[in-house]
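> There's a structure below that I have some questions on.
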Amino acid sequence: MSKRRRIAVANWKMYGKLTSGLALARRICTLVEENSPLSYDVVLCPPATLTWSASEVIDGVYSLSIGGQDCHYESYGPYTGDISAAMLSDLGAKFVILGHSERRIAHGETNAFIARKIEAAQFAGLTAILCVGETAEDLNKDSALSVITTQLKESLPAKVRMSQLIIAYEPVWAIGTGIQPSPEDIAKMHKHIRSVLGESGETTRIIYGGSVTPANAPLILANDDIDGVLVGSASLEAESFWAIAEHCA
Ligand code: PEP
């Protein structure tokens, strides 16, 4: 039994229109209600276009929340195409994924930039889900531990509120590839992250993401030190996401 309340996060990425996205949210809502009260949290992170309507769908359902996939570091301003943490919160979001490798790579997000976003998210009352993870090249150079240390030290703002923070360990080479670190390697990295976080390491939720499926979830979540999962592709279908999430119990 994990010491911290576990959490299953669905990252829908840029998938889901009004009809299909809300149908998925409704189905997950039903599964949560049928199994209520859950001993863990479930967070759906739809595209920003669905934040409000998905929030309405899940309104009042215990243990179920909505999150954003990114936010700007300012509350408002001349930033065409961006969305602020305050806006996400206004639409009912309680969480926001920050520093996902797809944003670090495709949008050139730096650790310093992500730190500003975490500060803004926490100020708006959101819990930030900070993604960290090494690339295949880092792994081959045997520098995964030091890369994660740097990402954590530089991405966490000086005034970080640890009670509004979750760390997602997501090796870049495991995202969407169907390959994964061994449970031992995941455990080793989680331990490392806890040690970098120092005193807060024992209370902070640290989850794993990268090609999690119903088949491998039991093995990953067999370790009490893994506080949950961040799921991409397998979260786009309610039954497969649920078959993963229920192992958080
Ligand atoms: C992700 O994008 O955060 C992720 C973990 O994706 P996938 O589950 O598809 O590897």
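> Please list the radius of gyration and Dmax for the chain, considering alpha-carbon atoms only, with Å as the unit.
16.7, 48
> Can I ask one more? How large, in Å, is the stretch 35-77 by the Kirkwood hydrodynamic radius built from its alpha-carbon pairs?
Working: mean 1/r = 0.0851 Å⁻¹.
The answer is 11.8 Å.
> Between Lys188 and Arg116, what FRET efficiency follows from the Cβ-Cβ distance if R0 is 45 Å, with the result rounded to 0.05? Mind dumping the intermediate values first?
Numbers: r = 30 Å, r/R0 = 0.67.
Once the sixth-power term is evaluated, E becomes 0.90.
> To continue, here is another question. Restricting to Cα pairs below 8 Å that are 6+ residues apart, what does the relative contact order work out to for the stretch 1-93? Please round to a whole percent.
Details: 145 pairs, mean separation 26.0, N = 93.
28 percent.
> Sticking with this structure for a sec: Given an 8 Å cut-off on Cα distances and at least 6 residues of separation, report the relative contact order of the chain as a percent.
On the way: 499 pairs, mean separation 52.7, N = 249.
Relative CO of the chain lands at 21 percent.
> In addition: Starting from the amide H of Glu134, placed 1.01 Å from N in the peptide plane, find each other amide H under 5 Å away whose residue is 5 or more places distant or on another chain.
Val172
> Enter the Cα centre distance for the pair the stretch 198-239 and the stretch 57-122, rounded to the nearest angstrom.
After rounding, the separation between the Cα centres reads 20 Å.
> Next question. Looking only at Cα atoms, what is the convex hull volume of the stretch 11-155 per residue, in Å³? Provide the component values of the computation, followed by the final result.
On the way: hull volume 18.9 nm³, N = 145.
Roughly 130 Å³ of hull volume per residue.
> Another one. Filter the cross-link list Lys117/Lys191; Lys117/Lys188; Lys141/Lys191 down to pairs whose alpha-carbon distance in this structure exceeds 22 Å. Write down the numbers at each step before the final one.
Values: Lys117/Lys191 25 Å; Lys117/Lys188 28 Å; Lys141/Lys191 20 Å.
Over 22 Å apart, Cα to Cα: Lys117/Lys191; Lys117/Lys188.
> For Ser65, enumerate residues with amide H under 5 Å from its amide H, sequence gap 5+ or separate chain, H modeled in the peptide plane.
Val42, Val43, Leu44
> Also: How many Å² of accessible area per residue for the stretch 163-249, probe 1.4 Å?
Working: 3350 Å² over 87 residues.
In whole numbers, the stretch 163-249 has 39 Å² accessible per residue.
> Still on this structure: Round to a whole number: what % of the accessible area of the chain belongs to carbon and sulfur, probe 1.4 Å?
Values: 6150 of 11300 Å².
Whole-percent figure for carbon plus sulfur exposure: 54.
> Something else about it: When the Kirkwood hydrodynamic radius is evaluated over all pairs of different C-alpha atoms of the stretch 105-145, what value in angstrom, to one decimal, is obtained?
Working: mean 1/r = 0.0834 Å⁻¹.
For the stretch 105-145, the Kirkwood estimate is 12.0 Å.
The values are calculated or read from the model by the stated rules, or taken from the named source; none is laboratory data. Given the structure is predicted, the values throughout are model-derived calculations rather than measurements. Note that each Cβ is placed from the backbone with ideal geometry, even for glycine, and that neighbours are counted across all protein chains shown. Just so you know, the surface numbers come from the protein's heavy atoms only, side chains and all, with ligands and any DNA or RNA stripped out. Shrake-Rupley method; radii C 1.70, N 1.55, O 1.52, S 1.80 Å.
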